[in-house]
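What follows is a short report on a single structure.
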Amino acid sequence: MIRIHCVRILAVAIVATAVAGPGAGDSLLRAQTVIGSEEVLRAVTSGPGDSLAGAIKCGLPEISRVLSQWWEAAATLGERPAAALFARPVLQTSITRDGYSVHFDTTGLNTPALLSPSYQPLPGTARAFAESVLAILDYVHPLETSTLGYAPPPGDGGLGGGPEYDIYILELGRTYGYTTPDLAILPGDTTTSFVTMDNDFIFVSPPSNRGLPALRVTVAHELSHAIQMGRYSYWYFDTYFHEISATWMEDVAFTEVNDYYNYLNAPWGHFRNPQREFNSGSDLIMYSRGIWGQFLEREFGIAIMRRSWEFTRTGPPLLAINGALQEAASSFPEAFSRWTLWNYFTGPRSDDQRYYPEGSAFPQIVQVPVGYSPPSREITDSLRSLSGRYYQVLLPGDTLTVAIANANLTAALAGGIRFHRYTLRISSTKDDPGYQETGTGVFVKLDVSDPAAWGTWFLTSRSIIGPEPPPVEEGTPFPNPFVADGSREVFIPLDGVAALEGDLQVYSASMDLVFSSRAASRPVLGRQAFVWNGTTSAGQIAASGVYIVVVKLGDRTLTSKVALIRR
């Protein structure tokens, strides 16, 4: 159950004081009205934990609920002051290097410690723990910024005692860490922030992830939040996308740690609850949906997540993801439907070449068993927008899984909990053209009021039948025209799903060679494609104009044109 904590009540009282109390003409909150670090700590460490281990991955959702209530209360009172709500901890010492300061105690409850091989705190290792944080940042910061192209987190103007980004080490009980905004902002604005993380990670499960492995993924996770809210936007009514992205970033940075497996296997996780809407931020299911990032990365390239965040500067996450996918010749509904297919191929059904690279370690998606006796059967039920359900139809000699995706983006954007009715019809005869042949001797039809908003897959041990992939001809670049900024990409699709090696060459209209590379194709939209990011062989963004793209595959050559617009 989600509890109402004292910090929430305090937040509303603060707004009321600032707006209605003495000096209400000054919308900035005074220093004595900020929420102290102890109140924040109590709130984020007593929130809903993982029912398997009692652990709390990140305190940002609880902090976001405070800001949500602040915003709603301020709106009711007629004013939305831009002000600080959260105080920073005061600790005994700090270490500063390369733009980061790590603050910690050397005595008392909050003293950090590395762990022994038997997972016991080692006395006298407080400074070594802080140095470990900085050493991890030496790897994670350039990965997230230089390699992946995200803007670095902004400085805070000296709020932590200097211009550096500040990280505070505290005893958090069973919470990994959290990122706290410095300002109470409007949804979608940006703010500086600071990070707080646990001082030993002794509570983590499995034991092999205790201590430094958990510290590594926490640094990657919380730095991702600092970048999100500092350089792109902070949508505290849509925390789910902040957490999906940050959990995915853990695996990008430290794929060997696999802390996210805890959330995939949890009873509240996606694989047991696919009927929960994708944009749910009211429970912990969002952590198990970090695998959305793995899906996007393999289908569209690793830059698609960053591009989604760039779009959040002008709209909330669902619109932003849709905008990024439309640039890649897809859409959120289309990708969500395909993700529903991906989530079937885990555990013993996994295929690490076409779907999740680590899918064999994932649990299997929950299915609803359905008996069938000829000649027909009907099942009527409902699904929320952006959710799915898997029916396991038991047939003589075979099993048919019908995977249904309600990909109604328009309804999801409208807000609220919206259920959409459907009727699944199973028949031994094709009673009308709407019935789909499944290859199992039965025909299936999904009756809904808006069929364009739904995706249906029919899965057996021998075949996959589903929506057709986009009708993109082999060798035809998309998107076209292509806006180049060094991070966006244009795709040259191939027929088939097997990866191929070839030579990619790009010529100007005057036939000057602009770019040349020996490369391998990669999966995009369920097929293979070669990729060009619009740069020259020297690494410079090419000038605006029309380019001739040549892909040489052994005895085959694909030639096409793409219009490039330099941003």
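Based only on the alpha carbon positions, what is the Kirkwood hydrodynamic radius of the stretch 482-566, in angstrom? Don't skip to the answer; put the middle values down first.
Values: mean 1/r = 0.0772 Å⁻¹.
So the Kirkwood estimate lands at 13.0 Å.
Using only Cα atoms and rounding to the nearest 10 degrees, what angle (0 to 90) does helix 332-342 make with the longest principal axis of the chain?
On a 0 to 90 degree scale, this one is about 80.
Helix 317-327 sits at what angle to the longest principal axis of the chain, using alpha carbons and giving 0 to 90 degrees rounded to 10?
Roughly 40 degrees, rounded to the nearest 10.
Give me, ordered by chain and number, the residues 5 or more places off residue 483 or on other chains with an amide H under 5 Å from its own placed amide H.
565
Please list, ordered by chain and number, the residues whose modelled amide H lies under 5 Å from the amide H of residue 541; skip anything fewer than 5 residues away on the same chain.
536
Would you kindly give the portion of the calculated P(r) for the stretch 187-337 that falls above 18 Å, as a percent of all Cα pairs?
Working: 6617 of 11325 pairs.
So the pairs more than 18 Å apart make up 58 percent of the total in the stretch 187-337.
How large is the direction-averaged shadow of the alpha-carbon convex hull of the stretch 367-465, in nm²?
Details: hull surface 24.7 nm².
Taking the Cα atoms of the stretch 367-465, their convex hull projects to 6.2 nm² on average.
Using only Cα atoms and rounding to the nearest 10 degrees, what angle (0 to 90) does helix 60-77 make with the longest principal axis of the chain?
Relative to the chain, helix 60-77 is tipped by roughly 80 degrees.
Based on Cβ point charges of +1 for Lys and Arg and -1 for Asp and Glu, what charge dipole magnitude is obtained for the stretch 367-465 about its Cα centre, in debye rounded to the nearest 20?
Values: 9 positive and 8 negative charges, 46 e Å.
The calculation lands at about 220 debye.
For a test of the definition: using alpha carbon positions, the gyration tensor, and the 1.5 limit on a/c, classify the stretch 81-289 as rounded, prolate or oblate. Mind showing how you got there, number by number?
Values: a/c = 1.63, a/b = 1.08, b/c = 1.51.
Taking the square roots of the gyration eigenvalues as a ≥ b ≥ c, the stretch 81-289 is oblate.
Which whole-Hz ³J(HN,Hα) couplings does the stretch 170-178 yield from phi under the Karplus relation 6.51 cos²θ - 1.76 cosθ + 1.60, θ = phi - 60°, glycine and proline marked x?
9, 6, 9, x, 10, 10, 5, x, 6
Would you list the P(r) distribution for the chain, with all Cα-Cα distances sorted into 10 Å bins from 0 and each bin expressed as a whole %?
3, 16, 24, 24, 19, 10, 3, 0, 0
Just how far, in whole angstrom, is the stretch 346-424 from the stretch 255-290 if you go by their alpha carbon centroids?
When both Cα centres are located, 17 Å separates them.
By how many nm would the segment from residue 535 to residue 516 grow when fully extended, if each residue of separation counts as 0.36 nm and the alpha-carbon distance is taken off? Can you show the working numbers first?
Values: separation 19, 0.36 × 19 = 6.84 nm, distance 1.03 nm.
Working it through step by step, the gained length comes to 5.8 nm.
Provide the per-residue ³J(HN,Hα) series for the stretch 298-312, in order, calculated from phi with Karplus coefficients 6.51, -1.76, 1.60 and θ = phi - 60°, each as a whole number of Hz, with x at glycine and proline positions.
6, 7, 10, x, 5, 6, 5, 5, 5, 5, 4, 5, 4, 5, 5
From a point 7 Å beyond the Cα of residue 368 in the direction of its Cβ, which residues of the stretch 251-293 have a backbone N at a distance under 15 Å?
272-277
Please report, in debye to the nearest 20, how large the charge dipole of the chain is about its Cα centre when each Lys and Arg carries +1 at its beta carbon and each Asp and Glu carries -1 there. Could you put the intermediate results ahead of the total?
Working: 42 positive and 55 negative charges, 137 e Å.
Dipole magnitude for the chain comes out near 660 debye.
For residue 165, which sequence-distant residues (separation of 5 or more, or a different chain) have an amide H within less than 5 Å of its own amide H, given hydrogens modelled in the peptide plane?
Amide H neighbours of residue 165, under 5 Å, 5+ apart: 100, 101.
Place a +1 charge on the Cβ of each Lys and Arg in the stretch 434-567 and a -1 charge on the Cβ of each Asp and Glu, then give the dipole magnitude about the Cα centre in debye, rounded to the nearest 20. Walk me through the numbers before you get to the answer.
Details: 11 positive and 13 negative charges, 63 e Å.
It comes to approximately 300 debye.
FYI, it's all coordinate maths here, none of it is from the lab. Quantities reported herein were computed from a predicted structural model and do not represent experimental measurements. Heads up, the Cβs are rebuilt from the backbone with ideal geometry, glycines too, and the neighbour counts pull from every protein chain shown.
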